[in-house]
Amino acid sequence: MKSKNKRNQTSKKKKIRNSKAARVILRLFLVGIGGLGILWLMVPVIVGRIVNIGTVTGILVFGMVAGYGLFMGWCNRVLSNLWKKKAGKIVLSILMGIACIILALVIILTTNIIIAANRKPTEEATVIVLGCRVYGEYASLSLLERLEAAEEYLKAYPDTVCILSGGQGPGEDISEAECMYRYLTEQGISSERLYLEDKSTSTRENMAFSKEIIEEEGFSTRVAIVTNEYHEYRASIIAGELDLEPASVPASTALWLFPAYYVRELYGILYEWVF
């Protein structure tokens, strides 16, 4: 009997030790994931002084993950106490519901982004390159990524024409369209294939003003949109609303920039859906 009790006590102690070890591992994992996520999102801030809603949202989310890992015991006690109260249970249920809706939206939006970025254009499609930030007269990294994708496509399909779409914003000495024109002609793309749209200041204007050129010149309404992969879905939504048939020539985004712009794009798509 005593031997059996000792075995039971030993088994209980072992379970307790394993449980404590599992909690420590989980806490370290959450703190690690949260810390790495914050560092990843801080790189654009430190290197490129890029702060947007995607950066802020990402840092807050990973900060919450790391914070829960650091104060897991306290957080669990607070949540447990709230769950025991009727009002607390209602509040927590609402918060969990909101969290599930957000997670579902992120999955749906990400799926649509992936599908849109892999929609291949036909050979006769009119190419539209969407502008991005210009520093003085020089293309930003994101614009260079788009230009490299456009150059590769235009050289692969030498009979296609291309609309370069982007106006001149604050801090830009030339329009984004002019910057793109200079780059592509320097890479050997014939100027006769390039049409400049230099008035737009947003994705919606990019597509609307490009459509005007398409109609004026009698180009195909099947369009190959050149932009970063995360941006292809929103651009295609707008193109479809303007009776254009969109396909994608996606540019690969630098890994250190991707999280900030990807999260920001989720907000942009939601805005497009709602308004």
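Residue-by-condition table, conditions (1) outside any helix (DSSP H, G or I); (2) at pLDDT below 95; (3) among the aliphatic types (A, V, I, L, M):
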| position | (1), (2), (3) |
| --- | --- |
| Ile108 | no, no, yes |
| Thr111 | no, no, no |
| Glu124 | yes, yes, no |
| Glu145 | no, no, no |
| Tyr153 | no, no, no |
Practice prompt. Could you please tell me which pairs satisfy a Cβ distance under 8 Å, a separation of 6+ or placement on different chains, a first residue in region 65-90 that is in the same structural domain as Ile25 (by TED's automatic domain parsing), and a second residue that is surrounded by 15 or more Cβ atoms within 10 Å (Cβ to Cβ) and among the hydroxyl-bearing types (Ser, Thr, Tyr)?
Written response: Cys75/Tyr68
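Quick one: which residue in Glu217, Glu197 is of a type outside the set (Ser, Thr, Tyr), over 25 Å from the mean Cα position of the chain (by Cα) and either under 20 Å from Leu143 (Cβ atoms) or modelled with pLDDT under 95 (or both)?
None of the others qualify; the one that does is Glu197.
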Worksheet item: Is it the case that region 20-37 has a residue that's under 17 Å from the mean Cα position of the chain (by Cα) and either modelled with pLDDT under 95 or within 30 Å of Tyr135 (Cβ to Cβ) (or both)?
Response: yes
Worksheet item: For region 47-64, does any single residue satisfy the condition of being of a type in the set (Gly, Ala, Ser), within 30 Å of Leu141 (Cβ to Cβ) and without any contact (Cβ under 8 Å) to a residue 60 or more places away in the chain?
Response: yes
Item to complete: Could you give me the residue pairs with C-beta distances under 7 Å whose first residue belongs to region 203-224 and is surrounded by 19 or more Cβ atoms within 10 Å (Cβ to Cβ), whose second residue is among the basic types (Lys, Arg) and part of a helix (DSSP H, G or I) wherever it lies, and which are 6+ apart or on separate chains?
Response: Thr203/Arg234
Worksheet item: Could you say whether any residue in region 108-127 is within 30 Å of Glu245 (Cβ to Cβ), exposed (fewer than 15 other Cβ atoms within 10 Å of the Cβ), touching a strand residue (DSSP E or B) at 6+ places or on another chain (Cβ under 9 Å) and of a type in the set (Val, Ile, Thr)?
Response: yes
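Sort through Gly166, Gly171 and tell me the only one that's surrounded by 23 or more Cβ atoms within 10 Å (Cβ to Cβ) and not polar (S, T, N, Q).
Gly166
The values are calculated or read from the model by the stated rules, or taken from the named source; none is laboratory data. Keep in mind that this is a model prediction, so the values were computed, not measured. We place every Cβ from the backbone using ideal geometry, glycine too, and count neighbours over all the protein chains shown.
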